[in-house]
Amino acid sequence: MRDSDALEKNPLVSRSALEAIHGQVFGWALSRCNYDDAVAEDLVQEAYVELLTGRAAFDGRSSLKTFVFGVVQNLARSRFRRIATRLRLLQTFATHDEQVTDTTHDVDVSSRVWQAVRDLPARQRDVVELVFCRELTVEEASQVMGVTAGTGRVHYDRAKKALRQKLESERDND
C-alpha cells in the first residue's frame with residue numbers, strides 16, 4: 001500500500017482496497033435495508049465516514065472486507081432498531097443482486113431455491129447470503145453477524161439442512 005493511499009486516521013486501510021470491495025459492500029448494504037437504494041447509499045456513506053474519521057478503527061484482526069461488512073451491519077442495526085418489524089433481506093433478491101447469476105438452472109428452479117432461503121430464520125438467511133453471495137467464510141460471516149464462530153457454524157449447518165429438506169420435499173411433491 002502506498003503511503004498516500006492510506007487513510008489518515010485509519011492507516012491500515014487504503015482507498016484502493018475500499019474501491020476494490022465497494023460493489024460488495026454496497027450489495028451487503030442493500031440487503032440490510034430491503035433493497036432501498038437510497039438507504040443503502042446512506043449506509044455505505046456512513047460506513048466510509050466512520051472509517052475516514054477513525055471512529056471505526058481497523059486493526060487488521062480480520063480482513064478489511066469482513067470489517068467493513070461489520071461496520072455496515074452495525075450501522076444498519078442502529079438505523080432500524082426502532083422499527084417494529086425487521087426489514088429482511090432477499091425479498092426481491094433474484095432481481096436485485098447482480099452477484100447472483102444462474103445459467104445452469106432455469107429461472108423457476110432458481111426462484112424456488114431463493115424462496116426456500118427467504119423462508120429460513122433470520123440468522124440462517126444472513127449466513128447463507130454472506131457465504132454464498134458475498135463470498136465470506138463462515139467465520140467471517142459470524143463476525144459480521146456479531147456471533148461467535150461456533151454459533152455461525154451452527155446457523156450455517158442448520159440452514160443447509162433446512163434447505164436440503166425443503167427442496168427435496170418440493171421435488172418429491174412435483
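The values are calculated or read from the model by the stated rules, or taken from the named source; none is laboratory data. On a predicted model such as this, the values are computed, not experimentally measured, just so you know. Glycine gets a Cβ as well: all are built from the backbone with ideal geometry, and neighbour counts include every protein chain shown.
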Flagged pairs (Cβ under 7 angstrom, 6 or more apart or on separate chains; first in segment 1-24, modelled with pLDDT under 90; second surrounded by fewer than 12 Cβ atoms within 10 Å (Cβ to Cβ)) are ASP5/SER16
Being of a type in the set (S, T, N, Q) and either assigned by TED's automatic domain parsing to the domain that holds ASN34 or surrounded by 17 or more Cβ atoms within 10 Å (Cβ to Cβ) (or both) is the filter here; which residues of segment 111-168 pass it? GLN124, SER142, GLN143
Among helices (runs of 4 or more DSSP H) entirely within segment 86-174, at least 2 residues that are at pLDDT 90 or above, of a type outside the set (Ser, Thr, Tyr) and out of contact with any strand residue (DSSP E or B) (no Cβ under 8 Å at 6 or more places or on another chain) occur in 122-128, 138-145, 149-173
Only listed residue being in a helix (DSSP H, G or I) and touching a helix residue (DSSP H, G or I) at 6+ places or on another chain (Cβ under 6 Å), chosen from VAL72, VAL49, VAL39: VAL72
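Right, TYR48: of a type outside the set (Val, Ile, Thr), surrounded by 16 or more Cβ atoms within 10 Å (Cβ to Cβ) and at pLDDT 95 or above or not? Explain how you work it out, then say what you get.
Numbers: of a type outside the set (Val, Ile, Thr): yes; surrounded by 16 or more Cβ atoms within 10 Å (Cβ to Cβ): yes; at pLDDT 95 or above: yes.
Taking the combined requirement at face value, the residue satisfies it.
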